[in-house]
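S.K.: This is the structure I want to talk about, given as structure tokens.
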């Protein structure tokens with residue numbers, strides 16, 4: 001009996017943290033990759049992340065809240081010169097003393113890269129990059145949240161459903177910009193105009209997929225049209 005009660009309390013505590021983070025409306029992520037003709041380029045990243053009031057540290061380890069944490073995240077790759085961090089900015093929105101929700105930090109920065117393969121160490125999710133001749137292949141996998149135990153109490157299931165609903169208006173937003181005369185083939189997203197591809201992954205959907213999402217991108221370099229610089 002006590003063992004079961006302890007397990008329930010741990011589930012409630014875990015769900016409570018998620019509830020504070022996501023009901024506060026403070027988790028969104030935007031990313032733009034801009035490719036040059038030689039597949040070098042820049043990644044523009046921006047997001048809003050909840051932070052602990054006492055320390056200012058991010059509640060989500062994969063989204064650092066300070067420049068020092070971003071540099072620590074990229075570690076040896078920055079030191080080795082594999083890519084360069086530019087234009088870091090952050091803005092804190094402080095919650096009131098009686099506000100149960102956490103403070104928030106809006107973060108943005110740019111990462112300049114010379115070789116597309118280093119995107120494996122820059123982009124969110126599990127990323128594989130392979131280049132062959134004039135082709136660039138990128139595979140990105142975004143894990144799904146583990147499902148609740150089917151034997152969870154009704155209260156826990158209802159609590160979990162409220163959290164899932166809180167994701168309804170939040171997305172991971174991605175843009176890929178490339179020379180308009182190149183060819184891009186992918187299994188998700190749409191073209192907004194030649195050379196610009198967009199994809200939004202609803203956070204709510206990550207609760208409804210057991211295996212997660214795999215986004216495949218194939219970019220083919222073509223000769224520029226006559227007169228194109």
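S.K.: Among the residues of segment 58-68, write down those that are surrounded by 16 or more Cβ atoms within 10 Å (Cβ to Cβ) and within 13 Å of residue 108 (Cα to Cα).
M.R.: 63, 64, 65, 66 - these are the residues of segment 58-68 that are surrounded by 16 or more Cβ atoms within 10 Å (Cβ to Cβ) and within 13 Å of residue 108 (Cα to Cα).
S.K.: Any idea which of (1) touching a helix residue (DSSP H, G or I) at 6+ places or on another chain (Cβ under 9 Å); (2) modelled with pLDDT of 90 or more is the one residue 91 doesn't satisfy?
M.R.: (1)
S.K.: Next question, about the same structure. Suppose we keep only residues that are in contact with a helix residue (DSSP H, G or I) (Cβ under 6 Å, 6 or more places away or on another chain), over 16 Å from residue 91 (Cβ atoms) and crowded, with 18+ Cβ neighbours inside 10 Å within segment 19-57. Which one would you say is modelled with the highest pLDDT?
M.R.: In this case the residue turns out to be 39.
S.K.: Which ones in segment 177-190 are closer than 13 Å to residue 36 by Cβ and assigned to a strand (DSSP E or B)?
M.R.: Across segment 177-190, the qualifying residue is only 177.
S.K.: Testing residue 60 on (1) modelled with pLDDT of 90 or more; (2) in contact with a strand residue (DSSP E or B) (Cβ under 6 Å, 6 or more places away or on another chain), one condition comes back false. Which one is that?
M.R.: Unmet condition: (1).
S.K.: So is residue 65 modelled with pLDDT of 80 or more, closer than 30 Å to residue 182 by Cα and out of contact with any helix residue (DSSP H, G or I) (no Cβ under 6 Å at 6 or more places or on another chain) or not?
M.R.: No.
S.K.: Test residue 189 against the criterion of being over 27 Å from residue 80 (Cα atoms), modelled with pLDDT of 95 or more and surrounded by 15 or more Cβ atoms within 10 Å (Cβ to Cβ), and give yes or no.
M.R.: Criteria not met by residue 189.
The values are calculated or read from the model by the stated rules, or taken from the named source; none is laboratory data. Keep in mind that this is a model prediction, so the values were computed, not measured. Methodologically, a virtual Cβ is constructed for each residue, glycine included, from the backbone with ideal geometry; neighbour enumeration extends over all protein chains shown.
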